[in-house]
Amino acid sequence: MRLTRILLTSAISALVVACSSSGIAGTTNTNTNTGGTPPMAATVNATSSNAFTPASVAIGVGGTVTFTFGDVAHNVFFDNSPAGAPDAIPGTNANMSAARTFTTPGTFEFDCHIHPGMKGTVLVSNASTTPPVGGGTGY
């Protein structure tokens, strides 16, 4: 009887793992972007190591990027971007967040004027796309 209970418990556990959407019992897959439409929100962190993380994000037209600043001051400027870029986040920003909405499709490069070489890219489109690796280019 004890052996039967052990085998039955093992079989049920294996079935739960096999049928789980993430492959691990008790967890769920939170990736809701199935490739049809781009996400409408993203967060970019301005880090203490003078980098934007992630350096590139992709959002849909009308989507919002929240720039989060930690304990080191940064700013965000869209110097080499096409018309329709949102307003810059000037000044020396630390321990705060600022959101910018992108209403025009395109590739928007941004950088920090305080820290040369600190740059990133926002790809805005109505199609599900993968952002370029490594951030902005050409500046």
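No value in this document is a laboratory result; all are computed from the given coordinates. What you see is a predicted model, and the numbers here were worked out from it, not measured in a lab. All Cβ positions, glycine included, derive from the backbone under ideal geometry; neighbour counts span all protein chains shown.
What the table shows:
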| quantity | calculated |
| --- | --- |
| J(HN,Hα) series, region 114-120, from Karplus relation 6.51 cos²θ - 1.76 cosθ + 1.60, nearest Hz, glycine and proline x | 6, 10, x, x, 8, 8, x |
| 12 Å reach of a label modelled at Val61, 7 Å along Cα-to-Cβ, counting backbone N of region 73-111 | 103-106 |
| Förster-model FRET efficiency, 41 Å R0, Thr43 and Ala83, C-beta, rounded to 0.05 | 0.95 |
| Interchain or long-range residues, amide H under 5 Å from Met118's placed H | Cys112 |
